[in-house]
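Scroll down for the structure; my scribbles are underneath it.
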Amino acid sequence: MASNDELACVYAALILMDDEVPITAEKINTILKAANVSVEPYWPGMFAKASSGLDLKSIVGNVGSGVGAGVPAAAAASAPAAAAAPAAEAKKEEAPESEESDDDMGFSLFG
């Protein structure tokens, strides 16, 4: 569970990122002071160092994509396997679906 100090620094870093301002400890502290939020003194510096060299806009923009930053090369290598996947799905769809109820397996949730 994230502490309030961590969350405050995360939000401050996101504000700086959105305004395309470099994320530094001083700027995080400025935002926190403007919001009247006090945090332990090491948090802003830690977040500034952690975010340096990262493209936070692309990370935030790809949150829902389900693909990590290091996966494109692996995805390109598995392209032949991905091409075979639709064929496997077609075979799956042709197979008759046998749905077993709980009674068929010898137990029942309500009985």
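Observations on the model:
- Potential lengthening between Ala50 and Asp18 on full extension [0.36 nm per residue; Cα-Cα distance subtracted]: 9.8 nm
- In a fully extended conformation the segment linking Val60 and Asn4 would gain 18.1 nm over its present Cα-Cα distance, using 0.36 nm per residue.
- Counted charge near Leu56, where neighbours are those whose Cβ lies closer than 11 Å (Asp, Glu -1; Lys, Arg +1): -2
- Ranked order, Ile15, Ile28 - accessible area, probe 1.4 Å, largest first: Ile15, Ile28
- Karplus (6.51, -1.76, 1.60) ³J(HN,Hα), θ = phi - 60°, over segment 44-52, in Hz, Gly and Pro reported as x: x, x, 5, 5, 5, 5, 5, 8, 5
- Among the protein heavy atoms, those of Ile59 account for about 90 Å² of accessible surface (1.4 Å probe, every chain in place).
- Remark: segment 4-69 carries 68 Å² of accessible area per residue (probe radius 1.4 Å; ligands, DNA and RNA excluded).
- Ranking of Ser51, Ser3 by solvent-accessible surface, largest first: Ser3, Ser51 (1.4 Å probe, protein heavy atoms only, all chains present).
- By accessible area with a 1.4 Å probe, ligands and nucleic acids excluded, highest first: order of Leu16, Leu7, Leu56: Leu7, Leu56, Leu16
The values are calculated or read from the model by the stated rules, or taken from the named source; none is laboratory data. In this text, all values refer to a predicted model and were calculated from it rather than measured experimentally. We place every Cβ from the backbone using ideal geometry, glycine too, and count neighbours over all the protein chains shown. Calculation scope for accessible area: heavy atoms of the full protein, side chains included, ligands and nucleic acids excluded. Shrake-Rupley method; radii C 1.70, N 1.55, O 1.52, S 1.80 Å.
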